[in-house]
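The values are calculated or read from the model by the stated rules, or taken from the named source; none is laboratory data. This is a predicted model, so every value here is computed, not measured. Cβ sites come from the backbone with ideal geometry, for glycine too, and all protein chains shown count toward neighbours. These accessible areas exclude ligands, DNA and RNA; they are computed on the full protein's heavy atoms, side chains included. Shrake-Rupley method; radii C 1.70, N 1.55, O 1.52, S 1.80 Å.
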Amino acid sequence: MNFKLSIILAIITTIPLYLLIPSPHVSDEQLTAHLHNKVVLLSGADNGIGEELAYQLAGYGAKLVLVGESSEKLSRIREGVISRGTPEIDIFAILFDFTDVNITEEVVKQTVKKFGGLDFLVSNHDVTTPGPFLSLSYLQNPDFLEQVFKENLFSHIQLALHALPYLEKQNGHMFVTSSLCGEIPLYGTTSTLHSSSKHGLNGFFYSLQQELIARQSPVSITVGAFGFVWTRELSYIYAEGNPKLGWLSGSEEDAARGVLEAYVTRPLTMTFPTLPGIVHRMISYFTPQLLKILRVTQDSF
């Protein structure tokens, strides 16, 4: 395809997607109506946007199962949720290492034993592997590769598999927190390894969406394609403030709100932040050679 024509197609496709198909507004009242007393299993509650998700879910009256790998962080977040008014009986914390894929089922079993069912699975855990794959030998170690794919892919599959029967009883929903680097090829600060695990994650859950639709299952899935989200952890790393331009990044509060709204609207995918996500997708689809010029892979995520 002609280079200039590709750019024109990318632009004219991006504009209507961003301006003419806005996300439906979901009010606080709608969120309360949908989430109050619902059982939510939140993995990665101690990482990234997980903490903010816990606080927002609790604010709308959800019963929470918080799953993470740090007992100290889980304890602090649990106390934070309780201090915001959630009864102790409505929150349950599970310490779990998601590289132990074979016993992922136990997380679901403990959830159902505690609350009697499951309405909303937020599969939010992951491990980040920064740096270029060919330049860092430890990234190439087969054992390390296996650990990354266990946490970033296989554990999500197993968690969804074991949660599905309970979600079907409740007309439930899954939200899978993934990344824009699972939509388009990226390397460098996000790493080839991390990007490849997210491509696998997106590929599986987009395909599972279609399988559930074909089966007329009452369960729906949203794949979250997240770009640069300014989290608490990043604020410690970048003490001088967010290094990305405003339109290139989003807040963890807005990201978490989008996850909650997806429980109401049930979209197939959620792109956040919206504009840079759509722009990068269109560039990748229509003018992949432009990635070399703009160095999107190095500077945008």
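In percent, how large is the relative contact order of segment 58-161, given Cα pairs closer than 8 Å and 6 or more residues apart?
Here the relative contact order equals 28 percent.
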Please list 175-185, 191-201 highest first by mean number of surrounding beta-carbon atoms within 10 Å per residue. 175-185, 191-201
So who's got an amide H within less than 5 Å of the one on L118, skipping anything under 5 residues away but keeping other chains? H placed 1.01 Å off N, in plane. none
How would E146, E29 line up by accessible area, probe 1.4 Å, largest first? E29, E146
Cα-derived Rg over Rh, computed across segment 100-163 with Rh taken as Kirkwood radius: 1.12
Judged on accessible area alone, 1.4 Å probe, highest first, Y60, Y206 line up as Y206, Y60
For a quick protection proxy, order the peptides 108-118, 84-94 by their average other-Cβ count within 10 Å, most packed first. 108-118, 84-94
Which of the peptides 249-256, 128-135 is most tightly packed, and how do the rest follow, judged by the mean count of other Cβ atoms within 10 Å per residue? 249-256, 128-135
Long-range amide H partners of G227 with built H, under 5 Å: L180, F272
Estimated vicinal HN-Hα couplings, Hz - segment 28-38 in sequence order (Karplus 6.51, -1.76, 1.60; Gly, Pro = x): 4, 5, 5, 4, 4, 4, 7, 9, 4, 6, 7
For the full complex of protein chains and a 1.4 angstrom probe, list M270, M174 by accessible area with the highest value first. M270, M174
So how much accessible area does V127 have, in Å² to the nearest 10, using a 1.4 Å probe? 50
Mind scanning K38/K150; K113/K169; K63/K109 and naming the pairs with a C-alpha gap bigger than 25 Å? K38/K150
Length-normalised contact order of segment 151-209, Cα under 8 Å, at least 6 apart, in percent, tallies to 38
How much length is gained on full extension from S217 to K114, taking 0.36 nm per residue of separation minus their Cα-Cα distance? 34.6 nm
